[in-house]
1. Show me the ranking of peptides 126-136, 20-30, 177-187 by mean Cβ neighbours inside 10 Å, starting with the highest.
2. With the alpha-carbon atoms as the only input, what is the per residue convex hull volume for the stretch 38-94 in Å³?
3. Can you compute the modelled spin-label distance between Gln42 and Ser104, with each label point 7 Å from Cα toward Cβ, in nm?
4. Regarding the chain, what are the three Cα extents along the principal axes, ordered largest first, in Å?
5. Can you give the FRET efficiency for Thr207 and Gln50, using 1/(1 + (r/R0)^6), R0 = 22 Å, r = Cβ-Cβ distance, to the nearest 0.05?
6. To the nearest 20 Debye, how big is the dipole of the chain about its Cα centre, given +1 on the beta carbon of each Lys and Arg and -1 on that of each Asp and Glu?
7. Checking understanding here: applying a Kyte-Doolittle mean of at least 1.0 and a length along the axis of at least 30 Å (C-alpha), which whole DSSP H helices in the chain pass?
8. What number, rounded to the nearest 500 deg cm²/dmol, is the helix-based mean residue ellipticity at 222 nm of the chain, given -39500 (n - 2.57) per DSSP H run of at least four residues and division by all its residues?
Amino acid sequence: SVVAGNVANAQTPGYVARTVTQIETVSPGGGNGVNVSGINRQLDTYVQGQLWTESAGGGYAALSANFYQQLQQVYGQPGSSTALDTVFNNFTSAIQALSSSPASFSVQSQAVNAAQVLTQQLNNATQSVQTLRTEADQGIASDVQQANLALQQIAQANQKLATGGFDPSTVDTLEDQRDQAITQLSKLMNITVLRGDNNQISVLTSTGVELASTTAGQLSFTATG
């Protein structure tokens, strides 16, 4: 049954493979055999803890890189013909030429054109940056909802595990679900996970504020216009 469960759930997110602990027995009529003394989750809690610790940093780095890449597209590759620095330098050169030949119609036209191009570039950059700000606010709001859901799942699993009375298979399933919720939460924010008695886990912020045990905290976010 354990082997079949491991095979069936090989692709299930958050599933931890099980192993069977067996003990040798001697039957009353003679002869040796084995009994199953327990079913264990094959899990290195230290490695798991390190994963949870590093996930937030990795997620932050990936998200920051994505926004910086989009900002790079807004400003343009430095030195390229459409980059903001090139457009600004063209405008500066046109103004300097105009100061030397203020009566030249062609120089005046070049200065006006350079000013219009720079203005359009700045307006486009402003709109693009504001769009990125809106996307960031929407992303934070969505992540806060996901974090609250994960906190509720962690608390619910703790509540069920605290009551006891479950068979080992159900306990392992609840721990899998709780670990999956913690993994999801660790990708969104820095957390510290403490293990207690009776299969209990407490989730705290990096500064020690409790987020979830048998009850779940509630995060909130207010977007800024």
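The values are calculated or read from the model by the stated rules, or taken from the named source; none is laboratory data. No experiment lies behind these values; they were computed from the predicted model shown. Here Cβ is always computed from backbone atoms with ideal geometry, including for glycine, and neighbour counts include all displayed protein chains. The protein model used for the area step is the full one, side chains on, heavy atoms only, and it has no ligands, DNA or RNA in it. Shrake-Rupley method; radii C 1.70, N 1.55, O 1.52, S 1.80 Å.
1. 177-187, 126-136, 20-30
2. Working: hull volume 5.5 nm³, N = 57.
Once divided by residue count, the hull of the stretch 38-94 is 96 Å³.
3. 8.0 nm
4. So the extents along the principal axes, rounded to whole Å, are 118, 34, 26.
5. The calculated FRET efficiency here is 0.65.
6. Magnitude of the dipole: close to 320 debye.
7. Membrane-span-like by this rule: not one helix.
8. The helix-only estimate for the chain comes to -21000 deg cm²/dmol at 222 nm.
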